[in-house]
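Inspection log for the structure reproduced underneath, given as C-alpha cells.
The values are calculated or read from the model by the stated rules, or taken from the named source; none is laboratory data. Everything numeric in this text was worked out from a predicted model, so none of it was measured. Cβ atoms come from the backbone with ideal geometry, glycine included; neighbour counts cover every protein chain shown. SASA here: full protein model, heavy atoms, side chains in, ligands and nucleic acids out. Shrake-Rupley method; radii C 1.70, N 1.55, O 1.52, S 1.80 Å.
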Amino acid sequence: MYAALSATNEAILRTAAQDELFQRVCDAAVHGGGIMRAVAMIPQDDGWLRAVAAAGFSDREPDLKTSVDVTSSHGHGLAGSAFRTGMSHVANDFQHDRRVRPWLDENRAQDVGSAAAIPILQNGASIGVFMFFLAEIDALSQETVSLLERMVENVSFARGNFRLAAEQRKAERATRRMSDMFAALSATNTAILRARSVSEMFRLVCESVAKGGPSLGSAAIFLKEHGSAWLKPAAVAGGLVETTQTPHPST
C-alpha cells in the first residue's frame, strides 16, 4: 500500500491535465501498488455512478455502475454508500457481504476477496468514488484503508489545483480581453478623428480593432445594400477578410 501511495503521488505529479488524473491513479494503484483492480466512478445525470477510469479490468472502462439512490436495489453497495455519506466503506469478505449481493448475483467480481470504496471529496462534498479490489480476504486493515484514503485525498487536492489553475487562466484571459478592448476603443477613437471620409473611417476602425490585441484579431463593418436584404461588407480587417468577401445567401 505504501508502494501504491508512492506510485499514485508520482502519477499525480506527472499529470498535466485533469482528464488524465483518474486514469493515471488507477494505473499506478494496480501496476505500481499491487492492487488487483481500481476504478474511478463519477455520478451521471441518471443518478448512477459509472466508471470513467479503470485498471486491472479486461475493458479500459468496464460496465460497472452503482446507484446513489438509497431506495434502489443497487443503491446500498460500497460505492453508493461511500458517495452518500462521504465516508469510506469496506468489505473484507466480499463474497459474503450482503451489501454487494446484487452484483454477485449478476456474476460480477467473483474473484474479489476484499474491496474498499473511498469517496472523492471536494469542499466537503462527494464528487465521485474510487473503488479498490484485492484478491485476499481480510486484506484491508484500518491502516491500509487510511493509506487508500490518503491516496484519494491527494487526488482531490490535485484536482482542486487543476480547477484553481483553470479559473486563474480564465481570469487572465478575461483581463487580457478587457485590456485589448480598451486599447481597441482608444484606437478607434483616434481613427475616427483621423478619417477624412466615411469609407476611410470604416477601414481605420476595423484595422484598429483587428490590431487591438490577440484576443480580438478581426473586425468587419456591414452596410445594408440599397433595395436588397443583403448586408454588404464595407470594411474588413484580420481573419474575417476571406470569410466576408463573398456572402452566401444562407448567411
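A few remarks follow.
- Each Cα pair under 8 Å and six or more residues apart adds its sequence gap; the mean of these over the residue count of the stretch 86-168 is a relative contact order of 29 percent.
- Put simply, the convex hull of the Cα atoms in the chain casts, on average, a shadow of 20.2 nm².
- The chain: angle of helix 142-194 to the longest principal axis, Cα-based, in degrees nearest 10: 0
- Computed with every protein chain present, the accessible area of Met131 is close to 10 Å² [probe 1.4 Å].
- Choice from Leu121, Leu147, Leu223 showing the highest fluctuation, given a GNM over the chain with Cα pairs closer than 10 Å: Leu223
- Springs join every pair of Cα atoms under 10 Å in this Gaussian network model of the chain, and among Pro119, Pro233, Pro102 the largest mean-square fluctuation is at Pro233.
- Here the chain exposes an accessible surface that is 53 percent carbon and sulfur, computed with a 1.4 Å probe and the other protein chains kept in place.
- On Cα atoms only, tilt of 2-14 relative to the major axis of the chain in degrees: 10
- Along the chain, counting only trypsin sites (Lys or Arg not before Pro) with a DSSP assignment other than H, G, I, E or B and at most 12 other Cβ atoms inside a 10 Å radius, the longest segment between sites is 61-195.
- For Ala125 and Ser218, the FRET efficiency from 1/(1 + (r/R0)^6), where r spans their Cβ atoms and R0 equals 35 Å, is about 0.25.
- Computed magnitude of the charge dipole of the stretch 57-180 (debye, nearest 20; Cβ of K, R +1, Cβ of D, E -1): 820
- With a Förster radius of 30 Å applied to the beta-carbon distance between Leu104 and Ser141, the computed FRET efficiency rounds to 0.80.
- In the stretch 64-175, inverting the average of 1/r over every pair of distinct C-alpha atoms gives 15.2 Å as the Kirkwood radius.
- C-alpha long axis of helix 198-210 to longest principal axis of the chain, angle in °: 30
- What the Cβ-Cβ distance of Val198 and Gln168 gives, at R0 = 41 Å and to the nearest 0.05, is a FRET efficiency of 0.40.
- Hull-based mean projected area of the stretch 1-114, where the convex hull spans the alpha carbons, in square nanometres: 7.5
- The chain - accessible surface per residue (Å², probe 1.4 Å): 57
- Think of it as helices only: each DSSP H run of n ≥ 4 in the chain is worth -39500 (n - 2.57), and spread over all residues that comes to -14000 deg cm²/dmol at 222 nm.
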